[in-house]
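Scroll down for the structure; my scribbles are underneath it.
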Amino acid sequence: MTSTAPVPSPTQDELKAQVGRAALDYVVKGEIVGVGTGSTVNKFIDALASLKGEIRGAVSSSVASTERLRALGIPVFDCNEVEELAVYIDGADEIDGRGYMIKGGGAALTREKIVAAQSRRFVCIADASKLVNTLGAFPLPVEVIPMAARRVMRQFARLGGLAQVREKDGVPLVTDNGQHIIDVTGLRITDPLGFENEVNQWPGVVTVGVFARQRANVCLLGTASGVRTLQFD
Ligand code: 5RP
């Protein structure tokens, strides 16, 4: 009698690679593509190298993604050189069933929101662990002007959140924009649009990591049984 060995489940890294490759189908040939930041996007960038002769280049949302794109020979344009992008491809820390997201785990949220706002379509690529019912279990990143950090942290405390300044090597992390990040736990964000609108008004907030106005139009979700496509419009 022969026994069949169980098929091992794909690792999170393999799921990320799977959706990174799947996102190539959304890249518009002959155009410039918007590129996000993070480990899932790195898989997309690596896959994008196979199309580099067929696109004009990319607009990038971080120094890290710019370096990776250029190292693979993909031209990177400044955001100001480009009027509108057909598509923006990026990861998420959480995404709900309406395409609302928490982003900024890689501290690139401000540039990510700018490039997303300049794009007609947001394609989110994520492994299945990122799909949630309600946003907020992942600590919410907020980019702040350093002098406002304590004040913004107190405002989150009034909403029941516990905020702390993100550190790197024992000192506050400095973003590509020269600002700081605070991460807020203990929030349950049931109205992402209202929440984003409110926090955006607080003095000293550069960008809140809730992407409701710039929500995803499509999510390619990496699962053990293949890529699941969630359409939000
Ligand atoms: C960076 C981001 C990333 O898209 C988010 O953190 C997901 O990253 P990863 O693909 O590494 O899980 O918002 O600011």
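Per-structure values
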{"quantity": "In the range 23-42, the residues that are out of contact with any Ser or Thr (no Cβ under 6 Å at 6 or more places or on another chain), touching a residue at least 40 places away in the same chain (Cβ under 8 Å) and within 14 Å of the ligand (Cβ to nearest atom)", "calculated": "Ala23, Gly38, Ser39, Thr40, Val41"}
{"quantity": "Filter result for Phe44 (in the same structural domain as Leu221 (by TED's automatic domain parsing), under 27 Å from Asn177 (Cα atoms) and surrounded by 22 or more Cβ atoms within 10 Å (Cβ to Cβ))", "calculated": "yes"}
{"quantity": "The range 123-158: number of residues that are open to solvent by less than 80 Å² (accessible area, probe 1.4 Å), over 30 Å from Thr229 (Cβ atoms) and not polar (S, T, N, Q)", "calculated": "11"}
{"quantity": "Residue within the range 48-61 that is basic (Lys, Arg) and surrounded by fewer than 23 Cβ atoms within 10 Å (Cβ to Cβ) present", "calculated": "yes"}
{"quantity": "From the options Lys113, Lys130, residue that is modelled with pLDDT of 95 or more and within 9 Å of the ligand (Cβ to nearest atom)", "calculated": "Lys130"}
{"quantity": "Test: residue in the range 13-28 that is under 19 Å from Val227 (Cβ atoms), polar (S, T, N, Q) and within 21 Å of the chain's Cα centre (by Cα)", "calculated": "yes"}
{"quantity": "Filtered residues of the range 80-97 (kept if surrounded by fewer than 18 Cβ atoms within 10 Å (Cβ to Cβ) and either under 14 Å from Lys29 (Cα atoms) or within 16 Å of the ligand (Cβ to nearest atom) (or both))", "calculated": "Ala86"}
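Residue-by-condition table, conditions (1) assigned to a helix (DSSP H, G or I); (2) aliphatic (A, V, I, L, M); (3) within 16 Å of the ligand (Cβ to nearest atom):
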position	(1), (2), (3)
Val152	yes, yes, no
Gln155	yes, no, no
Leu220	no, yes, yes
Arg228	no, no, no
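The values are calculated or read from the model by the stated rules, or taken from the named source; none is laboratory data. Keep in mind the model is a prediction, meaning the values are calculated, not measured. Every residue, glycine as well, gets a Cβ built from its backbone with ideal geometry; the counts of neighbours run over all protein chains shown. The protein model used for the area step is the full one, side chains on, heavy atoms only, and it has no ligands, DNA or RNA in it. Shrake-Rupley method; radii C 1.70, N 1.55, O 1.52, S 1.80 Å.
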